[in-house]
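The values are calculated or read from the model by the stated rules, or taken from the named source; none is laboratory data. Owing to the predicted nature of the structure, the values given are computational and were not obtained by experimental measurement. Please note: Cβ atoms are built from the backbone with ideal geometry, for glycine as well, and neighbour counts cover all protein chains shown.
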Amino acid sequence: MKSVFSFLLAQLIMLTGLMAQDPLWGLSYGSSGFDYIADMIVDHAGDIIVTGHFTGDLVIDGTTVNQVDGDEVYILKTDAAGNLLWYHTFLGTGTDRPGGLAVDASNNIFLAGYFYDDLDVDGQSLMSQGNADAYLLKIAPNGNIVATLPISSPDQVRAGAIYHTGDELLIAGSFRSSLTLGGTTLESNGETDIFLAAMNPNNGSINWARSFGGAGYDWFGKIEKSPSGAIYAVGRLGDDAYLGNLEANVVVGSEAFALKMDATGEPQWVVMLEGEGASDDAFDLALDADENLYIAGKASDDLMVFSTEYLYNFGAEGYLLSLNKDGDFRWMQMTYTEGTSIFFGVVLNSAQNRVYAAGSVHDGAAFNGSHEFTGIEDVGLGIVTFDTEGTYLESVVLDGPGFDYAAALATDGTDLYVGGTYGEGFAPANLGTYGSEGQTDCFVGRLDVEAVPNNLSEAVSPVALMHWNMHQQELQITLSEEGPADVQIWSMTGTLLANRSFRREMNWTLALPVGLYAVTVESVSGSYTKLIQVLR
C-alpha cells in the first residue's frame with residue numbers, strides 16, 4: 001500500500017496546476033528587505049513596464065542600488081523577450097510609493113505615486129508641503145524623464161490609479177483636509193476622500209476635478225475610460241458616502257464598490273458589495289468592447305452581491321465579479337479556501353473569449369465546490385482562467401516554499417505577463433530556480449496563452465471537496481455524487497493513521513498533530529487524494 005500511496009502523492013504534487021499556459025521566460029530582482037510590484041503594463045511596441053517599491057539595497061541586473069530610508073520606488077522596462085532595457089530608482093528619506101502606470105500612443109510612460117518628506121527624481125529634489133505629497137512623472141520610451149509634476153496638499157495627498165485616453169490623462173488618488181487642482185478646491189468629508197482629475201498630458205493643466213467620499217478611508221483601486229466616454233472605477237469605501245448625488249451605504253467595516261461616471265466624472269450608478277468582514281476590496285478592473293466590467297478583489301467574510309450570499313471560509317477569499325454597463329449583475333466567482341486567497345489583477349483576452357484573474361491562492365482553494373488547488377506550500381502565485389460568461393476553465397500555480405502571489409497582470413493581446421512577489425526561493429515551471437535576496441523578491445514572467453487549445457478543456461471536477469476547518473478542528477468532506485465512500489488519512493511517510501466510511505458528507509473531528517497529511521477518498525466515482533494541512 002505504501003507504493004500506491006507514493007504514486008498518488010507524486011501525481012498530486014505534479015498536478016498542482018494545469019500548466020496549459022507555458023512560461024516563456026522569467027526574471028527576478030530584489031533587495032535585502034521586502035519588495036513589491038504595484039502595477040505592470042504592455043506598451044504599443046510590446047515592451048513591458050513594471051513599477052513597485054523596495055525596502056533594502058536593491059540588486060537589479062547585477063547592480064546594487066543603496067536604499068536611503070523606508071520604501072523606495074523603482075520602474076523598469078523590458079522587451080517582449082524579457083531583456084532589461086532600462087530602470088530608474090527614486091529615493092527619499094521617507095516612505096515613497098508608486099501607484100499606477102499608463103502609456104500614450106507614442107509609448108511615453110506616466111507614473112503616479114506619493115512620497116513623504118522628499119524624493120529624488122533623476123537629480124530633481126521634490127519636497128512634500130504637507131504630510132505626504134503626490135507625484136506624476138512622464139518618461140520617454142528610452143527612459144529619459146520628460147516632466148515631473150508634484151501634487152501638494154496642506155495635509156496629505158496620494159496618487160494611485162491613472163488612465164490615458166486620447167488627449168486626456170485621468171488621475172485618481174486620496175486626500176485629507178483639502179486639495180486644490182487647477183482652479184478647483186476639493187474638501188474632504190472624513191479621514192480620506194477620493195479625488196479624480198482629468199488633465200492635459202502635454203502640459204499638466206487640469207480640465208476638471210471631482211471628489212467623492214464619506215467619513216472613512218476611501219480610495220479608487222483602478223479607473224478606465226471606454227471609447228463611448230464613460231469612466232469606470234472600482235475601489236473601497238470606509239463609511240457611508242455620497243458619490244455625486246448617489247448614496248452609497250456601508251454595512252460594516254470597509255466595502256468594495258464599482259462606479260460608473262460620465263466623461264466629466266459625474267456619477268451615473270454605484271454598486272456596493274455588502275460584506276460582513278472588516279475589509280473588503282476591489283483592486284482591478286477590465287472592460288470589454290460591450291463595456292462589461294470584470295472586477296478582481298478580496299472578501300474578508302461572507303459577501304452579499306445582488307441578494308446572493310457568497311460564503312467565506314477563513315482568512316480571505318478572492319472574487320471575480322462581472323457587471324454590464326448599466327451596473328446589472330452578470331456573474332461572480334469566489335474562492336472557498338482554508339487560508340488566504342486574493343485576486344489582485346484581472347485582464348481580458350477578447351480574441352480567445354477569456355478572462356484571467358491572478359493573485360494569491362492557498363492550498364485547498366476551490367470554486368463552486370470543485371476545481372481545487374492542491375499541494376501548495378504556504379501560499380502560491382495563482383492564475384485562474386474563466387470564459388467571459390464566468391465558466392471556470394483552468395488554473396496555473398507558480399509555487400515556492402514561501403508566500404508567493406501575483407500582484408499584476410498585463411497582456412499584449414496574445415501572451416500573458418504576470419508580475420508578483422515570492423519568498424524564500426521560487427522555481428516556476430522549467431525556468432530554473434530563483435533565489436531570494438531578502439524577505440521577498442519580485443518576479444516577472446511571460447506565459448504563452450496560444451498554447452491553449454481552442455476547444456476548451458473540461459474543468460477539473462474532483463471526487464470530493466475536502467478541507468480542514470481550523471475553528472471546528474475537523475476534516476470536512478463532501479462527495480460530488482452520492483456514496484458510499486471510504487476515506488483514509490496517511491502520514492507523509494506512508495503510514496495509515498485512520499479510515500472511515502460515509503455516504504455524502506462527513507465532519508470528522510480528529511486529534512491529529514499539526515502537520516501535513518494525505519487524505520484519500522475512494523467512491524464509485526473514483527479515487528481522489530489531497531494534501532491537508534492540520535492547523536490549531
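Each residue in region 203-219 was checked for being touching an Asp or Glu at 6+ places or on another chain (Cβ under 8 Å) and within 21 Å of Ala147 (Cα to Cα), and 1 of them qualify.
Scan region 241-268 for residues that are in a strand (DSSP E or B) and either surrounded by fewer than 18 Cβ atoms within 10 Å (Cβ to Cβ) or not small (Gly, Ala, Ser) (or both) and jot them down.
Going through region 241-268, the residues in a strand (DSSP E or B) turn out to be 241-243, 246-248, 254-261, 267-268.
Tyr242, Leu243, Leu246, Glu247, Glu255, Phe257, Leu259, Lys260, Met261, Pro267, Gln268 - these are the residues of region 241-268 that are in a strand (DSSP E or B) and either surrounded by fewer than 18 Cβ atoms within 10 Å (Cβ to Cβ) or not small (Gly, Ala, Ser) (or both).
Enumerate the strands (runs of 3 or more DSSP E) found wholly within region 269-371, keeping only those where 1 or more residues are within 28 Å of Leu475 (Cα to Cα).
The qualifying strands (runs of 3 or more DSSP E) are 293-299, 303-305, 308-310, 317-323, 329-336, 342-349, 354-362.
Before we move on, is Arg236 buried (at least 22 other Cβ atoms within 10 Å of the Cβ) and either among the small types (Gly, Ala, Ser) or not in a loop (DSSP other than H, G, I, E, B) (or both)?
Working: buried (at least 22 other Cβ atoms within 10 Å of the Cβ): yes; either among the small types (Gly, Ala, Ser) or not in a loop (DSSP other than H, G, I, E, B) (or both): yes.
Spelling it out, Arg236 is indeed buried (at least 22 other Cβ atoms within 10 Å of the Cβ) and either among the small types (Gly, Ala, Ser) or not in a loop (DSSP other than H, G, I, E, B) (or both).
Within this structure, Gly183 passes the test of being assigned by TED's automatic domain parsing to the domain that holds Ile49, modelled with pLDDT under 95 and either more than 21 Å from Leu126 (Cα to Cα) or within 28 Å of the chain's Cα centre (by Cα) (or both).
What about Ser480, is it at pLDDT below 65, out of contact with any Cys (no Cβ under 8 Å at 6 or more places or on another chain) and not basic (Lys, Arg)?
Spelling it out, it is not the case that Ser480 is at pLDDT below 65, out of contact with any Cys (no Cβ under 8 Å at 6 or more places or on another chain) and not basic (Lys, Arg).
Yes/no matrix, rows are residues, columns are (1) polar (S, T, N, Q); (2) under 13 Å from Asp281 (Cα atoms); (3) surrounded by fewer than 23 Cβ atoms within 10 Å (Cβ to Cβ); (4) at pLDDT 85 or above:
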position: Tyr310; (1), (2), (3), (4): no, no, yes, no
position: Tyr319; (1), (2), (3), (4): no, yes, no, yes
position: Asp326; (1), (2), (3), (4): no, no, yes, yes
position: Met332; (1), (2), (3), (4): no, no, yes, yes
position: Thr335; (1), (2), (3), (4): yes, no, no, yes
position: Glu338; (1), (2), (3), (4): no, no, yes, no
position: Phe343; (1), (2), (3), (4): no, yes, no, yes
position: Asn353; (1), (2), (3), (4): yes, no, yes, yes
position: Tyr356; (1), (2), (3), (4): no, no, no, yes
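The single condition among (1) among the hydrophobic types (A, V, I, L, M, F, W, C); (2) in contact with a strand residue (DSSP E or B) (Cβ under 7 Å, 6 or more places away or on another chain); (3) at pLDDT below 90 that Ala10 does not meet is (2). Put simply, of Ile48, Ile37 the only residue that is in the same structural domain as Asp133 (by TED's automatic domain parsing), among the hydrophobic types (A, V, I, L, M, F, W, C), closer than 30 Å to Met127 by Cβ and modelled with pLDDT of 95 or more is Ile37.
Could you list, in sequence order, the residues of region 212-228 that are in a loop (DSSP other than H, G, I, E, B), touching a residue at least 60 places away in the same chain (Cβ under 8 Å) and under 24 Å from the mean Cα position of the chain (by Cα)? Residue satisfying the conditions is Ser226 alone.
Within region 318-345, residues that are within 10 Å of Leu293 (Cα to Cα) sit with their Cβ atoms under 6 Å from residues that are modelled with pLDDT of 95 or more and of a type in the set (Val, Ile, Thr), at 6+ positions apart or across chains, in these pairs: Leu321/Ile295; Gly327/Val271.
Scanning region 498-520 for residues that are surrounded by 13 or more Cβ atoms within 10 Å (Cβ to Cβ) and hydrophobic (A, V, I, L, M, F, W, C) yields Ala498, Phe502, Met506, Trp508, Leu510, Leu512, Leu516, Ala518, Val519. Reported count of residues in region 100-120, each being more than 20 Å from Thr165 (Cβ to Cβ) and either more than 28 Å from the chain's Cα centre (by Cα) or crowded, with 23+ Cβ neighbours inside 10 Å (or both), is 7.
Residue-wise test of (1) in contact with a helix residue (DSSP H, G or I) (Cβ under 7 Å, 6 or more places away or on another chain); (2) modelled with pLDDT of 80 or more.
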residue: Thr421; (1), (2): no, yes
residue: Glu437; (1), (2): no, no
residue: Thr440; (1), (2): no, yes
residue: Val449; (1), (2): yes, no
residue: Ser457; (1), (2): no, no
residue: Ser461; (1), (2): no, no
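Here Gly204 does not qualify as at positive phi, free of Cβ contacts under 8 Å to residues at least 40 places away in the same chain and surrounded by fewer than 18 Cβ atoms within 10 Å (Cβ to Cβ).
Taken together, Arg536, Arg500 contain a single residue that is of a type in the set (Lys, Arg) and modelled with pLDDT of 85 or more, which is Arg500. Taking every residue in region 478-497 that is under 15 Å from Ile532 (Cα atoms) and pairing it with any residue that is of a type in the set (Asp, Glu), at least 6 positions away or on another chain, the pairs with Cβ-Cβ distances below 7 Å are Thr478/Glu505. Residues of region 173-198 that are in a strand (DSSP E or B) and either small (Gly, Ala, Ser) or touching an Asp or Glu at 6+ places or on another chain (Cβ under 7 Å) (or both): Gly173, Ser174, Phe175, Arg176, Ser178, Thr192, Asp193, Ile194, Ala197, Ala198.
Would you confirm whether any residue within region 82-102 is under 23 Å from Gly204 (Cα atoms), modelled with pLDDT of 95 or more and in contact with a Ser or Thr (Cβ under 7 Å, 6 or more places away or on another chain)? There is at least one residue in region 82-102 that is under 23 Å from Gly204 (Cα atoms), modelled with pLDDT of 95 or more and in contact with a Ser or Thr (Cβ under 7 Å, 6 or more places away or on another chain). Among the residues of region 58-83, those identified as hydroxyl-bearing (Ser, Thr, Tyr) and free of Cβ contacts under 8 Å to residues at least 40 places away in the same chain are Thr63, Thr64, Tyr74.
Of the residues making up region 146-155, those that are buried (at least 21 other Cβ atoms within 10 Å of the Cβ) and either closer than 21 Å to Arg236 by Cα or among the β-branched types (Val, Ile, Thr) (or both) number 1.
Within region 130-145, one or more residues are crowded, with 21+ Cβ neighbours inside 10 Å, at pLDDT 95 or above, charged (D, E, K, R) and more than 22 Å from the chain's Cα centre (by Cα).
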